[in-house]
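Student: Below is the structure I would like to discuss, written out as structure tokens.
The values are calculated or read from the model by the stated rules, or taken from the named source; none is laboratory data. Remember, it's a predicted structure, so these values are computed and weren't measured experimentally. As a convention, Cβ positions derive from the backbone with ideal geometry for all residues, glycine included, and neighbour counts pool all protein chains shown. Quick note on the areas: whole protein, heavy atoms, side chains included, nothing else; ligands and nucleic acids left out. Shrake-Rupley method; radii C 1.70, N 1.55, O 1.52, S 1.80 Å.
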Amino acid sequence: MPATRASVTSAPLAGVRRFASPAVKAAIRRRIGELAGLLCALLGLALLVALASHNPADPSLSTATTRAPANLVGPAGAVVSDLLLQGFGWAGALPGLALLAWAWRLATHRGLGLFPARLAALLAMLPLGAAALTLLPLPGHLPTLAGPGGAGGAVTAHALYDTAGALLGPFGGMAASGGIAGLALLLAIPALGLSPAEWPAA
């Protein structure tokens, strides 16, 4: 009788152990990674669509109006696109591109590694990328009146360029321009989460 009772009570535990086997845990982790990748992809696409359909006349933090937003992502897209384009210009697309890169890594089970480091690299790349765009000979009124690098890019570019120029003269200004662009490109590798060998596959 005790043996029978033990076998009855051990049956559910055996089922739990089978459910929690390494193979099942690995499968669950893969499904969670794929779901996270899908969510990142949808969010990245929504962000890029919001930027592409930005309309300066839409209601946002810088525009008070009662008109319905023309942005394809709705009121949220109008506000977010205005913030990114006014703040960082064309570099405002970097978060959307990073989300798509993260989605690819998650969906292909490569993982994101040290995610806080990737997020910090992305946040640092935003003003530097915007500053690099500010220093390029691009139309000053696109994508918004704040310019190709937005207000944040202009502030960052002038601060670094003027400081280097004051210390080293004209050579300092040229070195600052090259350094800003080079550092932004270096930060793109950890921010997007793709190794040089993975860029062609992505």
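Student: Measure nothing but the geometry: give the 0 to 90° angle between the long axis through the Cα atoms of 94-107 and the longest principal axis through the Cα atoms of the chain, rounded to 10°.
Tutor: The angle comes out near 20 degrees.
Student: Considering only protein heavy atoms, what is the solvent-accessible area of VAL155 at a probe of 1.4 Å, reported in Å² to the nearest 10?
Tutor: 100 Å²
Student: Continuing with the same structure: Evaluate E = 1/(1 + (r/R0)^6) for SER21 and HIS109, where r is the Cβ-Cβ distance and R0 equals 22 Å; express this FRET efficiency to the nearest 0.05.
Tutor: With R0 = 22 Å, the Cβ-Cβ based efficiency is 0.75.
Student: Roughly what percent of Cα-Cα pairs across the range 66-158 reach past 23 Å?
Tutor: 36 percent
Student: Here is a further query. Once the Cα atoms of helix 150-168 and of the chain are each reduced to a long axis, what angle between those two axes, in degrees from 0 to 90 to the nearest 10, is obtained?
Tutor: The angle comes out near 60 degrees.
Student: So with the 1.4 Å probe, I'd like the accessible area per residue for the range 35-96, rounded to whole Å².
Tutor: It amounts to 50 Å² per residue over the range 35-96.
Student: Take the Cβ-Cβ distance between ARG30 and SER53 as r, set R0 to 35 Å, and report the resulting FRET efficiency rounded to the nearest 0.05.
Tutor: 0.50
Student: In nanometres, what is the gap between the two model label sites at ALA117 and THR63, each 7 Å from Cα along Cα-to-Cβ?
Tutor: 4.1 nm
Student: What is the range 12-155's relative contact order, in percent, from Cα pairs under 8 angstrom and six or more apart in sequence?
Tutor: 25 percent
Student: Continuing with the same structure: Over the range 40-106, what is the relative contact order in percent, taking alpha-carbon pairs closer than 8 angstrom and at least six residues apart?
Tutor: This gives 42 percent for the range 40-106.
Student: For the range 24-44 and the range 126-172, what is the separation of their C-alpha centers, rounded to whole Å?
Tutor: The range 24-44 and the range 126-172 have Cα centres spaced 38 Å from each other.
Student: With each pseudo-label sitting 7 Å past Cα toward Cβ, what's the ILE189-HIS158 distance in nm, one decimal?
Tutor: Modelled inter-label distance: 3.4 nm.
Student: Heavy atoms only, probe 1.4 Å: what % of the accessible area of the chain goes to carbon and sulfur, would you let me know?
Tutor: On the chain, the fraction of accessible area on carbon and sulfur atoms equals 76 percent.
Student: Helix 2-19 versus the longest principal axis of the chain: what is the Cα-based angle in degrees, 0 to 90, to the nearest 10?
Tutor: 20 degrees
Student: Starting from the range 104-202, pick out the trypsin sites (Lys or Arg not before Pro) whose DSSP state is loop and whose Cβ has at most 16 other Cβ atoms within 10 Å.
Tutor: ARG110
Student: With N denoting the number of residues in the chain, provide Rg(C-alpha) divided by 2.2 N^0.38 Å, to two decimal places.
Tutor: It is 1.47.
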